[in-house]
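The values are calculated or read from the model by the stated rules, or taken from the named source; none is laboratory data. Note that the structure is predicted; figures quoted are calculated from it, not measured. Here the Cβ is made from the backbone with ideal geometry for all residues, glycine too, and neighbour counts use every protein chain on show. Heads up: the accessible areas ignore ligands, DNA and RNA and are worked out on the full protein's heavy atoms, side chains in. Shrake-Rupley method; radii C 1.70, N 1.55, O 1.52, S 1.80 Å.
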Amino acid sequence: MALPLGLDIALQHLAHRRRQTLVSLLGVSLGVAFFIAIASMMQGFQQDFISRIIDIQPHIIVKDDFRDPPRQPVEVLYGDGALDLRGLKPLDETRGIRGARSMLAVLEEEAGIHVAPTLSGNILLRFGGKDVSANVTGIVPERQRRVSHLEKDLVEGATLDALYTTANGIIIGDGVAKRGGIRMDDLISVVSPTGVVLKMKVVGIFSSGLTLMDNFDTYVLLKKAQVLQGRANVINRINIRLDDVEQAAPLAARIERQFGYRAEPWQEQSRNVLGIFVIQNVIMYSTVSAILIVACFGIFNVISTVVFEKTRDIGILKSMGFRDADIRRIFLMEGLMVGVLGTVIGWALGYGIVEFMGTLRFAMEGFVKAQGFILYRTPRHYLISGGMAILSATLAAWIPARRASRLNPVDIVRGAG
Amino acid sequence: MSAFAIETRKVTRELPGPVPVTLVRDIDFRVAPGEFVAVTGPSGSGKSSLLYLLGLLDRPSAGTVAIQGAETSNLSPDQAAALRLERLGFVFQFHFLLPEFTSQTNVEIPMRRLDRLDDRAIRRRATELLETLELGEHRHKRPDQLSGGQRQRVAIARALANDPPILLADEPTGNLDTHTAQIVFELFRDLAHRQNRSVVVVTHDTHLAELADRRVHLVDGVIVDD
Ligand SMILES: Nc1ncnc2c1ncn2[C@@H]1O[C@H](COP(=O)(O)OP(=O)(O)OP(=O)(O)O)[C@@H](O)[C@H]1O
Ligand SMILES: [Mg+2]
């Protein structure tokens with residue numbers, strides 16, 4: 001007599017309503033399986049994206065602007081009053097990070113921090129009668145290679161040092177190359193917004209996997225960028241890479257406090273995408289919850305039916321000396337059994353789907369390039385989906401179970417006898 | 001402590017409502033250990049209602065019910081259930097066996113709920129009870145594979161499972177032919193006289209009631225003859 005009595009009775013009830021029970025079981029299993037498959041796919045993609053960002057992009061970018069622009073002298077003097085200023089001439093100042101040299105020196109003092117100054121701007125690449133707009137970043141190769149992945153992402157050309165060895169060298173993204181029909185060693189005209197035109201030679205092509213970078217970014221020596229922009233000795237960005245990426249946000253805040261310039265940690269640079277991830281997760285949880293809710297209606301339905309059909313048995317059990325709690329437990333156990341069994345089947349199914357998706361190969365290009373699904377496997381997905389399924393199955397059983405426990409045996413035996 | 005297995009004092013049960021219904025009124029009723037009592041009366045006279053009160057399935061509106069000398073009106077529902085499990089056995093007109101289980105399992109259920117014997121002892125006792133009631137070869141049949149009389153005997157075996165000192169039966173022979181009914185009643189008499197149980201049986205068959213030690217006649221919820 002291995003089974004406890006309540007479990008024995010509960011099993012008989014479910015066996016009696018076999019088809020309905022199977023349908024509910026299927027609902028729970030599908031909910032759990034979908035959760036595991038979707039979560040693994042989405043989180044795989046998200047984590048891959050984040051690790052690529054952390055790998056490729058600087059962890060902090062210090063920019064040549066301020067989070068709160070400095071107040072104008074008239075504002076300080078007159079507060080909110082409306083003023084009519086005549087004969088005002090805006091100062092034609094050269095923007096950029098002032099005191100960059102000392103800032104770099106200070107930051108370099110600290111352990112685990114690598115810094116690289118850059119100057120970014122826009123250019124037009126002219127090649128074979130075709131104009132392609134792009135971002136240009138002036139870099140110092142020996143510093144840049146320590147803060148970004150650029151050198152490792154080169155698919156043509158060997159190192160960033162090619163910028164030194166070739167006069168007027170430029171490195172472009174493979175997307176830029178494609179758009180402009182440009183190939184390695186081509187001579188192209190680079191036109192800057194200030195009107196400077198330089199003939200430059202392609203000494204490298206990179207492919208980072210981040211679509212936006214590959215399609216728009218180009219790199220030249222810092223000095224050349226300063227020439228193109230007509231801003232000698234100016235830098236407008238300091239890129240920082242940390243040995244410990246967790247420190248990005250606190251360090252960025254500290255830099256802002258210390259130097260006043262806006263310092264964006266990687267989370268802020270990718271704010272848009274990270275925001276989309278949050279929405280994706282909300283959609284995923286809603287979808288799976290909807291499936292589980294439907295499954296729970298099934299469970300509610302089966303157990304309500306059983307309670308209705310087994311009213312007589314409930315009456316006799318109570319007259320025999322079963323307590324309300326014993327009766328409630330029987331029906332709760334039925335919900336729990338569907339929940340647990342559904343979870344186990346769902347786990348197996350989910351595992352199967354994930355492994356199947358892992359074998360699929362196809363090219364996709366969104367935020368990132370990939371060959372097939374990027375899957376993230378973690379016991380957490382199994383725990384969350386199982387927890388949700390078992391909890392909701394038990395809740396679904398609660399209502400009919402409570403009704404069963406409250407049935408009055410006198411009404412039942414009188415009614416049937 | 002009272003020597004009676006069941007003792008009621010001025011038990012009245014009213015169903016509340018716009019027009020209150022009185023099921024039984026001012027019942028003073030005693031059953032001694034080893035006594036076999038038949039409750040008779042016309043349909044609607046309150047026989048079943050009285051039995052539910054004696055069995056603690058229902059609570060009186062006024063008056064008291066004592067089981068083996070212990071007052072029951074202050075018992076919680078769970079305590080009343082525990083008392084039913086241990087000391088009271090019910091048999092109804094319809095057998096009320098659990099249809100999914102075999103005779104053997106049906107008889108084991110109250111013992112498994114009480115959980116006082118180990119599994120082996122429970123199985124052995126269920127088998128013995130069924131054999132005593134000449135159901136040995138029907139132990140592994142489900143209720144739908146048994147005849148009406150056999151089912152009722154399984155129900156009696158189940159009522160006896162926890163060896164209760166009190167057995168309450170509500171028209172247990174209502175669906176049985178006269179011969180089988182006679183056998184069942186003789187069984188009740190043996191249970192009272194040989195095993196010293198108190199047996200209260202509701203019936204409207206006056207002929208069968210003759211087999212009892214005592215007859216209580218109810219009319220309109222009141223005992224008119226004892
Ligand atoms: N829920 C109820 N509402 C109203 N009246 C009820 C209710 N239950 C029982 N009664 C009435 O109480 C009276 C006693 O019923 P009870 O079942 O005790 O009679 P009985 O003697 O067992 O009858 P029978 O021989 O037909 O089984 C009956 O008149 C019945 O109609
Ligand atoms: Mg009756």
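What the table below lists for this structure:
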read-out: Buried accessible area, chains B and A (both chains, 1.4 Å probe, Å² to nearest 100); value: 2600 Å²
read-out: Cα-centre dipole for segment A:59-159 with unit charges at Cβ (Lys and Arg positive, Asp and Glu negative), debye to 20; value: 260 debye
read-out: Relative contact order (percent, whole number), chain B, Cα cutoff 8 Å, 6+ residue spacing; value: 31 percent
read-out: Trypsin sites (Lys or Arg not before Pro) restricted to segment A:1-75 and DSSP loop, no more than 11 other C-beta within 10 Å; value: A:ARG67, A:ARG71
read-out: Straight-distance crosslink candidates among lysines, where the alpha carbon sits under 23 Å from A:LYS318 and sequence neighbours closer than 8 are dropped; value: A:LYS310, B:LYS47
read-out: For chain B, calculated [θ]222 nm from helices alone, where every DSSP H run of n ≥ 4 adds -39500 (n - 2.57); value: -10500 deg cm²/dmol
read-out: Residues losing 10 Å² or more accessible surface upon assembly, segment A:293-322, compared with the chain by itself, 1.4 Å; value: A:LYS310, A:ARG312, A:ASP313, A:ILE316, A:LEU317, A:LYS318, A:SER319, A:MET320, A:GLY321, A:PHE322
read-out: Spatial extent of the protein assembly as shown: Rg and Dmax, with the Cα atoms as the point set, Å; value: 43.4, 127
read-out: Sites B:GLN79 and A:PHE297 - FRET efficiency at Förster radius 30 Å, r taken between beta-carbons, to 0.05; value: 0.20
read-out: In range of the label at A:ARG126: residues from segment A:163-186 whose backbone nitrogen is under 17 Å from the point 7 Å along Cα→Cβ; value: A:180-182
read-out: Angle between chain A longest axis and helix A:324-359 axis [Cα atoms, degrees, rounded to 10]; value: 40 degrees
read-out: Cleavage-rule hits (chymotrypsin sites (Phe, Trp or Tyr not before Pro)) in segment A:6-66: DSSP loop, at most 15 neighbouring Cβ within 10 angstrom; value: A:PHE66
read-out: Over chain A, relative contact order from alpha-carbon pairs under 8 Å, at least 6 apart, %; value: 28 percent
read-out: Highest-fluctuation residue, B:GLU108, B:GLU100, B:GLU35 considered, GNM on chain B with Cα pairs under 10 Å; value: B:GLU100
read-out: Positions from segment A:1-38 whose accessible area shrinks by 40 Å² or more when the full protein complex is built, not the chain alone, probe 1.4 Å; value: A:MET1, A:LEU5, A:GLN12
read-out: Probe 1.4 Å, protein heavy atoms only - accessible area per residue of segment B:138-218 in square angstrom; value: 42 Å²
read-out: Protein accessible area in chain A, 1.4 Å probe - carbon and sulfur %; value: 59 percent
read-out: Per-pair calculated FRET efficiency, R0 = 60 Å: A:ASP80 and A:THR165 via Cβ, rounded to 0.05; value: 0.55
read-out: Helix-only mean residue ellipticity at 222 nm for chain A, each DSSP H run of n ≥ 4 adding -39500 (n - 2.57), per residue, nearest 500; value: -18500 deg cm²/dmol
read-out: Segment A:1-42 versus segment B:134-200: alpha-carbon centroid distance in Å; value: 39 Å
read-out: Separation of the A:SER133 and B:THR132 label points, Cα + 7 Å toward Cβ, nm; value: 9.9 nm
read-out: Minimum 10 Å² accessible area buried by the other protein chains, segment A:387-417 residues, probe 1.4 Å, relative to alone; value: A:PRO409, A:VAL410, A:VAL413, A:ARG414, A:ALA416, A:GLY417
read-out: Distance violations [Cα-Cα > 23 Å] among A:LYS63/A:LYS201; A:LYS63/A:LYS223; A:LYS63/A:LYS89; A:LYS130/A:LYS199; A:LYS178/A:LYS223; A:LYS130/A:LYS178; value: A:LYS63/A:LYS201; A:LYS63/A:LYS89; A:LYS178/A:LYS223
read-out: Of all accessible heavy-atom area on chain B, the percent that carbon and sulfur account for (1.4 Å); value: 47 percent
read-out: Degrees, to the nearest 10: B:119-132 long Cα axis against longest axis of chain B; value: 80 degrees
read-out: Inter-probe distance in nm under a simple model that places probes 7 Å from Cα toward Cβ, at A:ALA348 and B:ASP163; value: 4.6 nm
read-out: On Cα atoms only, tilt of A:379-406 relative to the major axis of chain A in degrees; value: 30 degrees
read-out: Label-point separation in nm, B:ASP119 to A:ILE283, each point 7 Å along Cα→Cβ; value: 5.3 nm
